[in-house]
Amino acid sequence: MSKPNKPWGGRFSQPTDAFMESFSASIHYDSRLYRQDIQGSMAHCRMLARQGIIAEAEADLIVSGLARVKVEIEEGRLPFRDDQEDIHMHVENRLRELIGPVAGKLHTARSRNDQVATDLRLWLREEVDAIRDAILTLQRILLTLAEAHIETIMPGFTHLQNAQPITFGHHLMAYFEMLDRDRQRFAEARKRINQLPLGAAALAGTPYPIDREWVAKELNFDGICRNSLDAVSDRDFVIETAASCALVMTHLSRFSEELILWSSQAFGFVELSDAFATGSSIMPQKKNPDAPELVRGKSGRVTGHLMGLLTLMKGLPLSYNRDMQEDKEAIFDIIETVRGCLKVFAGMLAEIRIHRTAMASAAKVGFTTATDLADYLARQGIPFRKAHEVSGRLVRLCVESGRTLEQLSLAEMQAADPRIGPEVVEVLAVTASVNARKVTGGTAFSTVRTAIETARKRLDESSESGKIPTKPQPGS
Ligand code: ARG
């Protein structure tokens with residue numbers, strides 16, 4: 001309850017209520033913005049001097065003081081206190097202790113409203129780049145795994161019922177594509193994150209002759225927020241990133257669900273390495289797929305935060321409202337969760353064991369080539385609808401007599417339709433079914449091989465371009 005410490009103390013005659021102080025404090029989570037806060041302050045300060053708003057010597061003092069504050073925070077030497085509310089005030093107060101009243105000039109032509117928006121954008125930009133890299137890593141692991149399983153046949157499902165034979169490589173490439181779009185979404189979001197709010201001050205702009213473009217360049221922003229009210233009052237860049245996170249988590253969650261099913265005894269398609277599974281405290285035989293289960297579970301958290309953020313913003317009048325401090329815990333947790341999940345997935349997939357024979361035998365169960373039989377009949381000139389019916393009748397005969405399509409005699413088949421010839425056996429094999437699907441995007445070995453090759457080329461190209469190198473921080 002130290003009234004003199006508050007930057008707004010002049011207007012107040014009463015100290016802040018003790019509980020209100022801790023209720024209002026965000027330092028225990030926004031301290032993670034310290035680096036961006038200092039980076040932004042240094043650029044702002046340099047600009048003030050360039051524009052003649054403060055003296056060069058004053059700017060030198062402030063910038064070197066900020067560098068010292070940074071070291072103190074990094075070495076854990078700056079105690080965080082609720083009565084100093086947030087990271088912005090901690091940095092400024094410590095600066096004042098170190099260099100004296102000239103520290104007060106740093107906040108010229110600036111408000112915490114444009115400051116916090118700047119910090120958050122700087123922070124999120126780095127995190128989004130880290131996520132893009134993590135997705136890329138996971139995609140490369142998927143490519144390697146898919147390449148090893150171009151010819152591994154498994155059942156493809158609809159409604160979780162065996163549908164048609166596909167290859168495991170093809171299945172993996174479906175996730176590759178989802179992740180590719182996820183990565184694009186983050187790249188898109190980054191463009192809108194990377195606009196500088198600083199200069200909006202509290203809400204209306206500032207009367208000082210500042211140079212926003214110079215600050216934007218100095219901090220590697222692509223441009224500046226064009227409207228001061230918008231600059232301090234929207235968090236759409238946070239929500240958009242959160243939505244991209246919720247989508248990548250949804251993809252990982254579906255993949256997790258499949259890995260969990262596939263590692264069950266009923267499927268037996270895959271086995272996680274010991275490093276990514278855990279045992280049971282009571283059942284000695286158990287090996288549980290905890291890594292994918294946790295990812296599936298955590299996807300709920302991320303989606304929940306997205307809803308929280310949308311709800312947080314939907315009723316707010318322009319411009320800044322303190323409600324917006326609530327954006328941080330959500331986005332911090334989202335980013336940490338997504339990064340953790342991408343990391344665990346990469347590790348888990350790099351070590352996963354695939355049981356090819358179990359997959360291949362399962363692919364034959366459930367008359368998965370009944371469509372191929374219908375297609376064969378259609379090639380004999382029978383309209384597809386009719387061909388479907390004939391094939392369906394033969395499936396029923398199999399169900400009733402406990403056989404597979406391949407076990408039916410030619411005579412039995414010809415009884416259903418005389419146009420069926422002995423070459424039908426080739427059509428009924430799962431490998432033939434897979435390799436018949438050479439259409440672009442299909443599951444044939446050769447098609448998947450091409451898909452993997454072009455995907456790898458695309459990845460190599462996209463990892464070379466698209467990223468703005470982050471300049472080393474001034475003063476560090
Ligand atoms: N901790 C605040 C936040 O995260 C910083 C901005 C405070 N601005 C204000 N007018 N109280 O939003």
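The values are calculated or read from the model by the stated rules, or taken from the named source; none is laboratory data. Quick caveat, the model's predicted, so the values are computed rather than measured. Cβ sites come from the backbone with ideal geometry, for glycine too, and all protein chains shown count toward neighbours.
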Review point. Does the stretch 51-67 contain at least one residue that is touching a residue at least 12 places away in the same chain (Cβ under 8 Å) and within 16 Å of the ligand (Cβ to nearest atom)?
Key: no
**Study point:** Residues of the stretch 86-104 satisfying the condition of being within 16 Å of the ligand (Cβ to nearest atom) and either closer than 20 Å to Leu459 by Cα or charged (D, E, K, R) (or both)
**Key:** Asp86, Glu92
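Conditions tested, residue by residue: (1) of a type in the set (A, V, I, L, M, F, W, C); (2) at pLDDT 95 or above.
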{"position": "Leu428", "(1), (2)": "yes, yes"}
{"position": "Arg437", "(1), (2)": "no, yes"}
{"position": "Thr440", "(1), (2)": "no, yes"}
{"position": "Ser446", "(1), (2)": "no, yes"}
{"position": "Glu453", "(1), (2)": "no, yes"}
{"position": "Arg456", "(1), (2)": "no, yes"}
{"position": "Glu461", "(1), (2)": "no, no"}
{"position": "Lys471", "(1), (2)": "no, no"}
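Report yes if Gln39 is under 26 Å from Ala231 (Cβ atoms), more than 16 Å from the ligand (Cβ to nearest atom) and surrounded by fewer than 23 Cβ atoms within 10 Å (Cβ to Cβ), otherwise no.
Considered against the rule, which asks whether it is under 26 Å from Ala231 (Cβ atoms), more than 16 Å from the ligand (Cβ to nearest atom) and surrounded by fewer than 23 Cβ atoms within 10 Å (Cβ to Cβ), Gln39 comes out as no.
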Exercise for review: Scan (1) in a loop (DSSP other than H, G, I, E, B); (2) loosely packed, with under 15 Cβ neighbours inside 10 Å for the single condition Ala200 breaks and write down its number.
Suggested key: (2)
Review point. Of the residues in the stretch 426-453, how many are among the hydrophobic types (A, V, I, L, M, F, W, C), more than 15 Å from Thr368 (Cα to Cα) and in a helix (DSSP H, G or I)?
Key: 4
Study note, to complete from the structure: Of those in the stretch 77-93 that are surrounded by fewer than 22 Cβ atoms within 10 Å (Cβ to Cβ) and of a type in the set (A, V, I, L, M), the residue nearest to Asp114 (Cα to Cα) is Met89
Check your understanding: Can you tell me which residue in the stretch 282-318 is surrounded by the fewest Cβ atoms within 10 Å (Cβ to Cβ), limited to those that are outside any helix (DSSP H, G or I) and within 16 Å of the ligand (Cβ to nearest atom)?
Key -> Pro317
Point to revise | Selection from the stretch 33-88 of residues that are within 18 Å of Ala216 (Cβ to Cβ) and acidic (Asp, Glu) | key: Asp37
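When residues of the stretch 105-141 are filtered for being of a type in the set (D, E, K, R), within 14 Å of the ligand (Cβ to nearest atom) and surrounded by fewer than 23 Cβ atoms within 10 Å (Cβ to Cβ), how many remain?
Matching residues across the stretch 105-141 total 1.
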